[in-house]
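Worksheet: one structure, shown below.
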Amino acid sequence: MSFYKEIAPFTDYLQSVRKIENYFSFDMIFPTKWSLPKTIIDENKVVGYEVTDTNYKGITFVASIDEKDVAQTLLRIAKIIKLNKEKEQKEVLFRQTIDKLKKTFEQTDLDSLQKLYFDFEKDETELNIDDEPKNTISEMDESDGE
């Protein structure tokens, strides 16, 4: 796969890719409200940097020049983006749902509201944020000992 295809999903957040001695650094810029879960990042390979826009934070992800390490780093970046975009979409949906509920409560009588019930069907094919594609980080970590 080409380098472009590997980094294309990150273009909205990618500031630069640099080679420093035996390492690649991926300088990313994320909204300040985004989280960087410790379960996803490798704290030894992440460094913050200052950006001029206070609505954003700069994060550099470092990977040794090694196919496996670069793949792990790109997978971690993809997970961070996916997790945070999903959170943003859920927040929007939550606000929209609250607005709809507010209108419903204003326009509906008490007896009808007391019968209000929510139920969700579980979609078996739904992809969970914790699901990983082939060659997952955990599989890669396990093969380190071989």
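Looking at residue 94, is it more than 16 Å from residue 14 (Cβ to Cβ) and either among the aromatic types (Phe, Trp, Tyr) or without any contact (Cβ under 8 Å) to a residue 12 or more places away in the chain (or both)?
Values: more than 16 Å from residue 14 (Cβ to Cβ): yes; either among the aromatic types (Phe, Trp, Tyr) or without any contact (Cβ under 8 Å) to a residue 12 or more places away in the chain (or both): yes.
Judged against the criteria, residue 94 is a match.
Conditions tested, residue by residue: (1) assigned to a helix (DSSP H, G or I); (2) of a type outside the set (Asp, Glu); (3) within 18 Å of the chain's Cα centre (by Cα); (4) surrounded by 13 or more Cβ atoms within 10 Å (Cβ to Cβ).
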| position | (1), (2), (3), (4) |
| --- | --- |
| 48 | no, yes, yes, no |
| 71 | yes, yes, yes, yes |
| 77 | yes, yes, yes, yes |
| 94 | yes, yes, no, no |
| 104 | yes, yes, no, no |
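Could you check how many residues of region 26-35 are within 15 Å of residue 76 (Cβ to Cβ) and surrounded by fewer than 17 Cβ atoms within 10 Å (Cβ to Cβ)?
Kept after step one, since they are within 15 Å of residue 76 (Cβ to Cβ), are these residues of region 26-35: 26-28, 30, 34-35.
Add one more test, that the residue is surrounded by fewer than 17 Cβ atoms within 10 Å (Cβ to Cβ), and what stays is 35.
The qualifying residues number 1.
Can you tell me how many residues within region 106-131 are surrounded by 10 or more Cβ atoms within 10 Å (Cβ to Cβ) and at pLDDT 90 or above?
Total satisfying the criteria: 1.
Please determine, by comparing only the residues of region 80-101 that are modelled with pLDDT of 95 or more and of a type in the set (Lys, Arg), which one is farthest from residue 33 (Cα to Cα).
Restricting to residues being modelled with pLDDT of 95 or more and of a type in the set (Lys, Arg), the top hit is 95.
Rundown of residues vs (1) farther than 21 Å from residue 89 by Cβ; (2) at pLDDT 95 or above; (3) not in a strand (DSSP E or B), yes/no style:
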residue: 7; (1), (2), (3): yes, no, yes
residue: 26; (1), (2), (3): yes, yes, no
residue: 29; (1), (2), (3): no, yes, no
residue: 37; (1), (2), (3): no, no, yes
residue: 40; (1), (2), (3): no, no, yes
residue: 44; (1), (2), (3): yes, no, yes
residue: 59; (1), (2), (3): yes, yes, no
residue: 63; (1), (2), (3): yes, yes, no
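If residue 65 satisfies all but one of (1) touching a residue at least 12 places away in the same chain (Cβ under 8 Å); (2) within 17 Å of the chain's Cα centre (by Cα), what's the number of the condition it fails?
(2) is the only condition that residue 65 fails.
Give me the residue from region 132-146 that is in a loop (DSSP other than H, G, I, E, B) and under 20 Å from the mean Cα position of the chain (by Cα) and, out of that set, modelled with the highest pLDDT.
132
The values are calculated or read from the model by the stated rules, or taken from the named source; none is laboratory data. Model, not experiment: these values are computed from the prediction. In this analysis, Cβ positions are derived from the backbone assuming ideal geometry, glycine residues included, and neighbour counts consider all displayed protein chains.
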